[in-house]
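J.: Pasting a structure below so you can have a look.
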Amino acid sequence: MIYRIHEIKCQVGEDSRVIPERIREKLKKPSLEIKNWRIVKESIDARDKGDIRIVYSVDFEPEDPEIKLPLDQGGLQEYQLPERGTEELRHSPVIAGFGPAGIFAGLILAEMGLKPIILERGKPMNERIRDVERFWEDGTLDPESNVQFGEGGAGTFSDGKLTTGIKDKRIQKVLMEFHKAGADEDILYRQKPHIGTDRLRGVVVNLRKKILSLGGQIRFSSPLTGIRIEDGRVTGVEAGHGEWIETDDLILTVGHSARDTFRQLHQMGIPMEAKPYSMGFRIQHTQSWIDQAQYGKQTGLPPAEYKLSGRSSSGRGVYTFCMCPGGEVISASSHPGCLVTNGMSYHARDGRFANSGLLVDVRVSDFSSDSPLAGLDFQEHYEQLAFRLNQESYEPLTCRLGDYQEDKGKGALLRQALPPFVNESVLEVLPALGRKLRGFDSPATILKGIETRSSSPVRILRDEGYQSEIRGLYPGGEGAGYSGGITSAAVDGIRIAEQIIRRYKEREDR
């Protein structure tokens with residue numbers, strides 16, 4: 001029998017091979033022979049900076065199969081594909097968008113022999129990387145190939161974080177597939193797993209190759225430009241340049257920046273609503289300062305992270321988002337004349353600086369109308385304003401925190417580029433954040449804005465079966481308003497794929 005034990009503590013730098021001895025000590029069984037063991041969770045306990053420990057949860061198997069221990073049963077529960085349905089599959093399912101939700105929806109469908117056709121408006125990885133690097137070098141923006149659009153979605157140019165607030169059996173499937181595609185094994189057990197933008201690019205390409213090997217198709221530079229609906233059902237989609245593809249199932253995972261698609265869907269009468277999101281800027285400190293603030297004098301630990309939050313007197317949340325240790329702030333625009341920033345880290349997280357979004361809740365009541373697209377219009381207005389205030393440059397609008405607080409110089413420009421309630425909330429809550437992490441609100445701290453794409457400004461409505469009232473239309477992922485981050489988007493894609501699998505029997509041409 002496999003057992004699971006928690007709170008196995010080791011000193012920083014101590015070899016993990018001492019874990020069996022730590023298990024014996026914790027159980028007070030010095031003669032217990034352990035045949036197999038594996039780490040299932042690893043975290044850092046830095047509450048006492050004078051005694052920082054690495055804490056493990058471990059699965060292990062005693063040498064004696066008859067021994068009984070006062071522990072929970074361990075062992076991995078492998079992901080099980082759902083049972084097939086009874087309907088005849090007439091046409092391949094189509095997926096619009098090749099970000100995390102689209103990738104994993106496509107992978108699951110391909111594993112079950114449904115041969116999905118995946119449309120991606122952007123370019124394949126190598127071409128996309130060249131376009132993004134050119135944009136960062138000289139400001140040449142390709143609206144169809146950029147930090148938001150292209151193979152892997154917006155997460156490709158990020159920290160590659162895999163942390164998530166959801167609890168779902170499918171998470172292990174996502175992590176395992178990332179590992180098989182080239183991510184380090186530690187993503188399977190670290191409390192805060194990440195891949196890094198450099199490694200993630202290769203992982204995504206390997207997942208694409210796996211889908212292709214299973215009979216799926218992936219068409220780049222092929223935006224979704226039309227949906228044919230007959231008697232309230234999807235019967236076909238238009239891919240880019242007038243090509244119509246017959247299908248009864250469209251998985252819509254277009255990402256949070258697909259404004260033209262949202263507007264097109266609204267014109268078609270697809271039910272959707274405006275949703276809350278957040279706005280603010282990136283806040284940057286030296287990584288060495290954060291390490292010292294979090295770890296004290298302890299060395300030999302991964303680059304330190306933080307997560308801070310507070311609430312203004314108006315009730316608005318103010319919080320750090322997508323913290324990138326050892327990373328950099330990047331220009332992340334996808335639309336001409338719109339200024340957008342984001343954070344990015346490489347796998348090693350060895351850059352001099354760390355950054356995080358510092359964001360404020362944006363409410364539906366802040367919008368100027370009750371249109372489902374009102375949040376999108378609000379978001380776009382401030383991105384355009386920031387671009388103009390920054391002398392029509394896509395570079396981040398940068399200033400010192402002190403200048404932002406005193407409303408002078410470029411700090412005044414950053415304040416003009418954001419809604420007044422964002423500035424009021426940040427200025428009110430910053431001292432409290434500085435008390436939680438001493439020095440966080442130093443006047444010399446660098447701010448870079450604006451950040452507006454933390455989540456989608458719309459939600460495309462769906463029922464408990466993941467379908468729109470237009471049957472055969474499955475909105476999913478971050479763009480449709482149902483996830484926040486790589487892992488939760490991937491899980492949402494899997495859930496949708498499962499719904500389709502449950503409908504159809506096996507293809508005869510598999």
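The values are calculated or read from the model by the stated rules, or taken from the named source; none is laboratory data. Note that the structure is a prediction, hence the values are computed from the model and not measured. Cβ atoms come from the backbone with ideal geometry, glycine included; neighbour counts cover every protein chain shown.
J.: Can you tell me which residue within segment 292-310, out of those that are over 18 Å from the mean Cα position of the chain (by Cα) and under 30 Å from E133 (Cα atoms), is surrounded by the fewest Cβ atoms within 10 Å (Cβ to Cβ)? Please lay out each step first, then the result.
T.: Just the residues of segment 292-310 that are over 18 Å from the mean Cα position of the chain (by Cα), to begin with: 292-304, 308-310.
If we keep only those that are under 30 Å from E133 (Cα atoms) as well, we get 302-304.
Details: P302: 14, P303: 20, A304: 21.
Out of the qualifying residues, it is P302.
J.: Oh, and also: Count, please, the residues in segment 433-487 that happen to be at positive phi and either outside the structural domain of I166 (by TED's automatic domain parsing) or not small (G, A, S) (or both).
T.: Result for segment 433-487: 2.
J.: Moving to a separate point now. Among the residues of segment 146-157, is any surrounded by 15 or more Cβ atoms within 10 Å (Cβ to Cβ), over 17 Å from G477 (Cα atoms) and touching an Asp or Glu at 6+ places or on another chain (Cβ under 8 Å)?
T.: yes
J.: A further question follows. Let me spell it out: the conditions are (1) assigned by TED's automatic domain parsing to the domain that holds G310; (2) of a type outside the set (G, A, S); (3) surrounded by fewer than 22 Cβ atoms within 10 Å (Cβ to Cβ); (4) out of contact with any Cys (no Cβ under 9 Å at 6 or more places or on another chain), and L418 meets all of them except one. Which number is the exception?
T.: (3)
J.: I'd like to check which strands (runs of 3 or more DSSP E) are fully inside segment 16-115 and have at least 2 residues that are farther than 22 Å from R170 by Cα and among the β-branched types (V, I, T). First the steps, then the outcome.
T.: Working: elements: 34-45, 53-62, 94-96.
Of the strands (runs of 3 or more DSSP E) lying wholly inside segment 16-115, those with at least 2 residues that are farther than 22 Å from R170 by Cα and among the β-branched types (V, I, T) span 34-45, 53-62.
J.: Are there any pairs, at least 6 apart or on different chains, whose C-beta atoms fall under 7 Å, with the first in segment 260-271 and of a type in the set (F, W, Y) and the second outside any helix (DSSP H, G or I), and if so, which?
T.: That search, which allows pairs on different chains as well, returns F262/L373; F262/V458.
J.: Ok, one more. Any idea which of (1) over 28 Å from W136 (Cβ atoms); (2) not in a loop (DSSP other than H, G, I, E, B) is the one P372 doesn't satisfy?
T.: (2)
J.: On to the next question. Considering only residues that are more than 21 Å from D184 (Cβ to Cβ) and more than 17 Å from the chain's Cα centre (by Cα), look in segment 341-357 and name the one that is surrounded by the most Cβ atoms within 10 Å (Cβ to Cβ).
T.: Per the criteria, the residue is F353.
J.: Further question on the same structure: For segment 269-288, what are the residues that are in contact with a helix residue (DSSP H, G or I) (Cβ under 7 Å, 6 or more places away or on another chain) and basic (K, R)?
T.: Selection gives K275 alone.
J.: Let me confirm something: among I500, I494, I450, which residue is part of a strand (DSSP E or B) and either of a type in the set (A, V, I, L, M) or more than 14 Å from the chain's Cα centre (by Cα) (or both)?
T.: Being part of a strand (DSSP E or B) and either of a type in the set (A, V, I, L, M) or more than 14 Å from the chain's Cα centre (by Cα) (or both) holds for just one of I500, I494, I450, which is I450.
J.: Here is a further query. Just for segment 357-372: of the residues that are of a type in the set (S, T, N, Q) and in contact with a helix residue (DSSP H, G or I) (Cβ under 9 Å, 6 or more places away or on another chain), which one is nearest to L418 (Cα to Cα)? Outline the logic, then answer.
T.: Step one: of segment 357-372, the residues of a type in the set (S, T, N, Q) are 365, 368-369, 371.
Imposing the further condition that a residue be in contact with a helix residue (DSSP H, G or I) (Cβ under 9 Å, 6 or more places away or on another chain) reduces the set to 368-369, 371.
Values: S368: 15, S369: 19, S371: 21 Å.
Checking each candidate, the answer is S368.
J.: Same structure again: Quick check: is even one residue across segment 311-325 surrounded by fewer than 16 Cβ atoms within 10 Å (Cβ to Cβ), in contact (Cβ under 8 Å) with a residue 12 or more places away in the chain and within 26 Å of the chain's Cα centre (by Cα)?
T.: yes
J.: What is the residue count in segment 375-415 for residues that are surrounded by 20 or more Cβ atoms within 10 Å (Cβ to Cβ) and assigned to a loop (DSSP other than H, G, I, E, B)?
T.: Selection size over segment 375-415: 3.
J.: Output the qualifying pairs, or none if there are none: Cβ atoms under 9 angstrom, residues six or more apart or on different chains, first residue in segment 417-432 and closer than 15 Å to L447 by Cβ, second residue assigned to a helix (DSSP H, G or I) and of a type in the set (D, E).
T.: Once the first residue is closer than 15 Å to L447 by Cβ and sits in segment 417-432, its partners that are assigned to a helix (DSSP H, G or I) and of a type in the set (D, E) give A417/E383.
J.: Among G165, G182, which is the only one that is in a loop (DSSP other than H, G, I, E, B) and within 12 Å of the chain's Cα centre (by Cα)?
T.: Values: G182 fails: within 12 Å of the chain's Cα centre (by Cα).
Unique residue meeting the criteria: G165.
J.: Check segment 314-337 and report whether any residue there is on the phi > 0 side of the Ramachandran plot, of a type in the set (A, V, I, L, M, F, W, C) and either in contact with a strand residue (DSSP E or B) (Cβ under 8 Å, 6 or more places away or on another chain) or assigned to a strand (DSSP E or B) (or both).
T.: Yes, there is a match, as at least one residue in segment 314-337 is on the phi > 0 side of the Ramachandran plot, of a type in the set (A, V, I, L, M, F, W, C) and either in contact with a strand residue (DSSP E or B) (Cβ under 8 Å, 6 or more places away or on another chain) or assigned to a strand (DSSP E or B) (or both).
J.: Hey, which of the strands (runs of 3 or more DSSP E) in segment 192-277, taking only ones fully inside, have at least 2 residues that are at pLDDT 95 or above and under 24 Å from A110 (Cα atoms)?
T.: Because the criterion is at least 2 residues that are at pLDDT 95 or above and under 24 Å from A110 (Cα atoms), the strands (runs of 3 or more DSSP E) in segment 192-277 that meet it are 217-219, 224-230, 233-239, 243-246, 250-252.
J.: Quick test for you: out of E133, E137, pick the one residue that is free of Cβ contacts under 8 Å to residues at least 24 places away in the same chain, within 19 Å of C324 (Cβ to Cβ) and in the same structural domain as D249 (by TED's automatic domain parsing).
T.: After applying the criteria, what remains is E133.
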